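The values are calculated or read from the model by the stated rules, or taken from the named source; none is laboratory data. Source: prediction; values computed, not measured. As a convention, Cβ positions derive from the backbone with ideal geometry for all residues, glycine included, and neighbour counts pool all protein chains shown.
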Amino acid sequence: MDQRISLITLGVRDMDRATAFYDAMGWARAPGPDGVIAYDLLGQTLGLFGLDDLAKDIGLPVEELGHGALTLAHNLDSRDAVDALVARAETAGARILKAPQEVFWGGYHAYFADPEGHVWEIAHNPFSPLRASDGAFRWQGYGSD
């Protein structure tokens, strides 16, 4: 197995509400089949799929899908960018779980839940600079491109 994630699929109860949220965040949809909404990311895709359909596809009752402790993270190049994105998310319908603030490890972050309850961390990590050419993230950061 290659060390990468190709597609992150979020099971959602209300496709219209979830789609409206990610559209309001400024994300552009990729063409796809009916019943699936896809947003191409940098090297990956985020998919929205009806929760009942996801359970059926996996072969489990919806009750067995569970609620794993998972966060999706989006890193930015400054504290101001974190503040701006969290404000945009709130306007788009997110519930702010933790307002932007300094973190014990020297960064700056916030948490919000999208309208379906999926938790996002929005962070600036000065120790992991993003790649200047495209904003790509990696744990130890990028030096000069």
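Numbers below:
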{"read-out": "Residue in segment 28-35 that is in contact (Cβ under 8 Å) with a residue 24 or more places away in the chain and either crowded, with 16+ Cβ neighbours inside 10 Å or not assigned by TED's automatic domain parsing to the domain that holds L85 (or both) present", "value": "no"}
{"read-out": "Positions within segment 1-18 being among the basic types (K, R) and without any contact (Cβ under 8 Å) to a residue 60 or more places away in the chain, in sequence order", "value": "R4"}
{"read-out": "Residue list for segment 115-145, filter: closer than 24 Å to R4 by Cα and charged (D, E, K, R)", "value": "E121, R131, D134, R138, D145"}
{"read-out": "Residue satisfying all of: in segment 108-145; of a type in the set (S, T, N, Q) and surrounded by 10 or more Cβ atoms within 10 Å (Cβ to Cβ); farthest from L85 (Cα to Cα) among these", "value": "S128"}
{"read-out": "Residues within segment 21-38 that are in contact with a Gly (Cβ under 8 Å, 6 or more places away or on another chain) and part of a strand (DSSP E or B), tallied", "value": "3"}
{"read-out": "Odd one out for A87, checked against (1) part of a loop (DSSP other than H, G, I, E, B); (2) small (G, A, S); (3) surrounded by 12 or more Cβ atoms within 10 Å (Cβ to Cβ)", "value": "(1)"}
{"read-out": "Breaking point among (1) of a type outside the set (A, V, I, L, M); (2) in contact with a helix residue (DSSP H, G or I) (Cβ under 7 Å, 6 or more places away or on another chain); (3) assigned to a loop (DSSP other than H, G, I, E, B), for D52", "value": "(3)"}
{"read-out": "Failed condition for W105, given (1) surrounded by fewer than 16 Cβ atoms within 10 Å (Cβ to Cβ); (2) under 17 Å from the mean Cα position of the chain (by Cα)", "value": "(2)"}
{"read-out": "Hits in segment 50-81 - residues which are among the small types (G, A, S) and touching a residue at least 40 places away in the same chain (Cβ under 8 Å)", "value": "A55, A73, S78, A81"}
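The rows are residues; the columns are (1) among the β-branched types (V, I, T); (2) over 20 Å from M15 (Cα atoms); (3) not assigned by TED's automatic domain parsing to the domain that holds G11.
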site: K56; (1), (2), (3): no, no, no
site: L76; (1), (2), (3): no, yes, yes
site: A92; (1), (2), (3): no, no, yes
site: R95; (1), (2), (3): no, no, yes
site: F104; (1), (2), (3): no, yes, yes
site: G107; (1), (2), (3): no, yes, yes
site: A110; (1), (2), (3): no, yes, yes
